[in-house]
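Engineer: Sharing a structure here in structure tokens format.
The values are calculated or read from the model by the stated rules, or taken from the named source; none is laboratory data. Note that the structure is predicted; figures quoted are calculated from it, not measured. Cβ atoms come from the backbone with ideal geometry, glycine included; neighbour counts cover every protein chain shown. Heavy atoms of the whole protein, side chains included, go into the accessibility calculation; ligands, DNA and RNA do not. Shrake-Rupley method; radii C 1.70, N 1.55, O 1.52, S 1.80 Å.
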Amino acid sequence: MTLTFRPARLAAAALIASTALTGAAWAETTITAVMHSGLRVLDPVITTAHITRNHAYMIYDVLLAQDSNFQPQPQMADWTVSDDKLTYTFTLRDGLVFHDGAPVTAADAVASLNRWGQKDAAGQVIFDRTASLEATDDKTITWTLTEPFPPMLDVLSKQSALPPFIMPARVAETSADEAITDYTGSGPFRFVEAEFQPGLSVTYEKFDDYVPRDEPADWMAGGKVVNVDRVVWSAIPDIQTAVNALSGGEIDYIEQMQVDLIPLLEGDPNVVVEVREPTGMMTMVRPNFLHPPFDNQEVRQAALKAVSQEPVLAAMIGNPEYYTICGAILGCGTPLGSEAGTETLTGGGGADAAREQLTAAGYDGTPVVIMQPTDMVALVNQPVVVAQALRDAGFTVELQPMDWQTLVTRRASQAAPSEGGWNMFITNWMVPEISNPIGNPMLNGRGDDAWFGWPTDETAEALKEEYIDATTPEEQKAVAERIQAHGIDNVLLIPLGQYTLPQARRSNLEGMLNSPVPVFWNVSKPES
């Protein structure tokens with residue numbers, strides 16, 4: 001098939017061509033994938049960006065991993081728990097080696113866990129209850145708590161935001177506020193730093209010394225068997241170009257399809273379009289609590305009243321088969337989901353009420369700087385719709401367009417919006433990432449140690465402690481309903497609803513797991 005590219009797309013076409021030539025010269029089998037974003041931030045501790053998490057799963061491994069039943073399974077380590085539920089002992093399995101040939105030791109794991117625990121919302125809670133974490137020998141990690149923490153294994157095995165990836169101790173000793181510069185892992189793939197083009201192309205090679213577990217691959221758990229020589233992520237910001245390239249066999253996989261382009265691939269026997277992410281995503285607004293106008297709770301409440309989910313989701317997805325109106329902070333369809341307090345969000349908005357509250361709050365016209373990513377299918381439209389809803393309610397709004405990786409970097413800045421900071425951005429989370437209040441980053445109220453936006457919210461932290469101490473599902477549900485009420489009242493976020501986006505692949509790409517995280521182990525690419 002011959003493709004016709006517009007001039008503006010020639011750079012993307014050249015990248016595909018050069019990638020294909022390089023792959024052909026280097027390896028027998030190469031998978032070329034277009035992910036949801038280019039990759040620039042390589043440190044999975046300093047950001048929760050999914051593209052960085054996906055990168056980390058390629059090159060690092062974890063002590064425990066969740067299977068498709070959300071059950072913790074051994075990955076790098078087996079474990080035992082003392083009868084009093086205070087001491088967890090992890091034993092590293094045989095055959096673990098870093099990409100530089102050094103063995104993985106318990107000291108590496110301890111250093112990695114300490115760094116992770118400074119940034120992860122649930123990890124922070126664990127370390128609040130930690131008496132000691134130490135390597136008692138080269139293969140044994142002993143973690144002793146001051147009081148029981150029932151979700152301990154669930155947190156350590158979680159698949160996202162932030163998984164506790166294991167790095168060499170020398171790397172993990174980097175401050176959690178600084179990005180690492182050494183990308184040595186022990187995972188199934190090795191990062192080819194010499195071929196890395198930030199935001200454009202990432203290359204991974206099979207790590208021949210990786211020893212998979214014996215169990216079948218199941219989500220993040222089980223044997224990570226690599227069946228290809230190389231995986232190349234090529235950034236193609238124009239989704240139409242990516243679709244054409246997939247149809248022409250020049251790439252193998254698109255992580256996020258634009259729904260209205262699906263008909264272009266229908267009837268093509270060489271392409272499969274499918275929903276591989278079974279749990280769905282939530283899209284949401286995050287305000288910045290440090291600077292006017294959203295340092296004022298009443299102004300945040302006016303913003304929430306101004307927004308309606310239906311026009312946001314319609315602009316974002318288009319086809320209602322792929323989205324759901326949902327005001328639950330902890331996700332709809334989850335055991336703890338509640339939509340209390342979100343009637344305006346789910347019922348059409350309340351611009352008049354928002355305007356009245358904005359006036360009563362003394363809003364002085366301070367511009368709301370909204371960061372607007374322009375290169376992600378799943379984020380390009382929401383800022384435009386939200387900005388207009390805020391303007392209709394009386395806000396002054398300044399949309400600032402940028403690519404997603406620039407946004408991921410800039411959202412870490414606490415500077416004033418007029419000095420390179422921000423007031424608001426829209427982000428997306430997998431529903432499992434937000435369904436438990438302990439690990440939900442949006443509910444972290446620890447000020448400077450909280451997730452971007454940095455709310456200082458003692459009530460949110462106290463409610464999470466109550467949830468941990470609840471002994472029955474009924475008690476947990478009751479606390480979760482109070483968390484929903486408080487989160488909406490303090491406007492820790494503005495839920496915009498849930499959605500799924502299909503993926504697309506060449507039909508000869510076999511063995512892809514139905515995992516919430518796109519992974520490339522277990523995948524083979526026989527000749528067509």
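Engineer: Between residue 343 and residue 94, what FRET efficiency follows from the Cβ-Cβ distance if R0 is 60 Å, with the result rounded to 0.05?
Structural biologist: About 0.60, to the nearest 0.05.
Engineer: Would you work out if segment 306-402 is rounded, prolate or oblate? Take a ≥ b ≥ c from the square roots of the eigenvalues of the alpha-carbon gyration tensor; rounded if a/c is under 1.5, else prolate when a/b is larger than b/c, oblate otherwise.
Structural biologist: oblate
Engineer: With all protein chains present, how much of the accessible area of segment 117-256 (probe radius 1.4 Å) comes from carbon and sulfur, to the nearest whole percent?
Structural biologist: The computed percentage sits at 44.
Engineer: Taking the highest mean first, how do the peptides 375-382, 63-70, 459-466 order by number of other beta carbon atoms within 10 angstrom per residue?
Structural biologist: 375-382, 63-70, 459-466
Engineer: Tell me, what is the percent relative contact order of the chain, built from C-alpha pairs under 8 Å that lie six or more residues apart?
Structural biologist: Once divided by the residue count of the chain, the mean separation gives 20 percent.
Engineer: Each label point is 7 Å from the Cα along the Cα-to-Cβ direction; what then is the distance between the points at residue 360 and residue 227, in nm?
Structural biologist: 6.2
Engineer: Additional query: In debye, nearest 20: dipole of segment 88-229 around its Cα centre with unit charges on the Cβ of K, R (+) and D, E (-)?
Structural biologist: With Lys and Arg at +1 and Asp and Glu at -1, about 280 debye.
Engineer: Still on this structure, I have one more. Just to confirm, what accessible area per residue do you get for the chain at 1.4 Å probe, in whole Å²?
Structural biologist: Value returned for the chain: 37 Å² of accessible area per residue.
Engineer: Spelling out what I want: for every residue of segment 415-430, take phi, set θ = phi - 60°, compute 6.51 cos²θ - 1.76 cosθ + 1.60 (Karplus), and round to whole Hz; glycine and proline get x.
Structural biologist: Residue by residue, segment 415-430 yields 5, 4, x, 6, 10, x, x, 6, 10, 7, 8, 10, 9, 10, 10, 5 Hz.
Engineer: Hey, another quick one. Suppose R0 equals 25 Å; then what is the FRET efficiency for residue 470 and residue 87 from their Cβ-Cβ distance, rounded to the nearest 0.05?
Structural biologist: Efficiency computed from Cβ-Cβ geometry: 0.65.
Engineer: For the chain, give the magnitude of the charge dipole about the Cα centre (Cβ charges: +1 Lys/Arg, -1 Asp/Glu; no others), in debye to the nearest 20.
Structural biologist: Rounded to the nearest 20 debye, it is 1020 debye.
Engineer: Hey, another quick one. Defining a contact as two alpha carbons under 8 Å apart and six or more residues distant in sequence, what relative contact order in percent does segment 185-246 show?
Structural biologist: Reported as a whole number, the value is 31 percent.
Engineer: Give me the one-decimal nm value for the distance between modelled label points at residue 136 and residue 296, 7 Å along each residue's Cα-to-Cβ direction.
Structural biologist: It works out to 5.7 nm between the two label points.
Engineer: If amide H atoms are built 1.01 Å from N in the plane of the peptide, which residues on other chains or at least 5 residues away come under 5 Å of the amide H of residue 78?
Structural biologist: 91, 93
Engineer: While we're looking at this one, here's another question. From the residues 148, 211, 241, which one has its Cα farthest along the dipole of the chain in the positive direction, the dipole being from +1 and -1 charges on Cβ of Lys/Arg and Asp/Glu about the Cα centre?
Structural biologist: So the residue we want is 241.
Engineer: State the antiparallel share, in %, of DSSP beta bridges confined to the chain, rounding to the nearest 5.
Structural biologist: 80
Engineer: List the GluC sites (Glu not before Pro) within segment 141-235 that fall in a DSSP loop (any state other than H, G, I, E or B) and whose Cβ has at most 13 other Cβ atoms within 10 Å.
Structural biologist: Within segment 141-235, the qualifying GluC sites (Glu not before Pro) (loop, at most 13 other Cβ atoms within 10 Å) are 173, 178.
Engineer: Can you pull the accessible area of residue 257 for me, 1.4 Å probe, Å² to the nearest 10?
Structural biologist: 0
Engineer: From Cα pairs below 8 angstrom and at least 6 apart in sequence, can you work out the relative contact order of segment 146-290, rounded to a whole percent?
Structural biologist: 12
Engineer: Further, regarding this structure: Just want the answer: with Cβ charges of +1 for Lys and Arg and -1 for Asp and Glu, which residue in 124, 98, 44 is farthest toward the dipole's positive end in segment 29-162?
Structural biologist: So the residue furthest toward the plus end is 44.
Engineer: Can you tell me the FRET efficiency between residue 268 and residue 527 if r is taken as the Cβ-Cβ distance and R0 is 22 Å, rounded to the nearest 0.05?
Structural biologist: 0.75
Engineer: Would you pull out the residues with amide H under 5 Å of residue 87's amide H, same chain only if 5 or more places away, H placed 1.01 Å from N?
Structural biologist: 82, 145
Engineer: Right, here's the next one. What nm value, rounded to one decimal, do you get for the distance between residue 510 and residue 175 when each label is placed 7 Å out toward the C-beta?
Structural biologist: Simple spin-label model gives 5.2 nm for this pair.
Engineer: To the nearest 20 Debye, how big is the dipole of segment 64-153 about its Cα centre, given +1 on the beta carbon of each Lys and Arg and -1 on that of each Asp and Glu?
Structural biologist: Approximately 200 debye in magnitude.
Engineer: Return the long-range amide H neighbours of residue 220 (sequence gap of 5 or more, or a different chain), with a cut-off of under 5 Å between placed amide H atoms.
Structural biologist: Answer set, sorted by chain and number: 66.
Engineer: Among 201, 179, 165, pick out the residue whose Cα is farthest towards the positive end of the charge dipole of segment 148-210, where Lys and Arg carry +1 and Asp and Glu carry -1 on C-beta, about the Cα centre.
Structural biologist: 165
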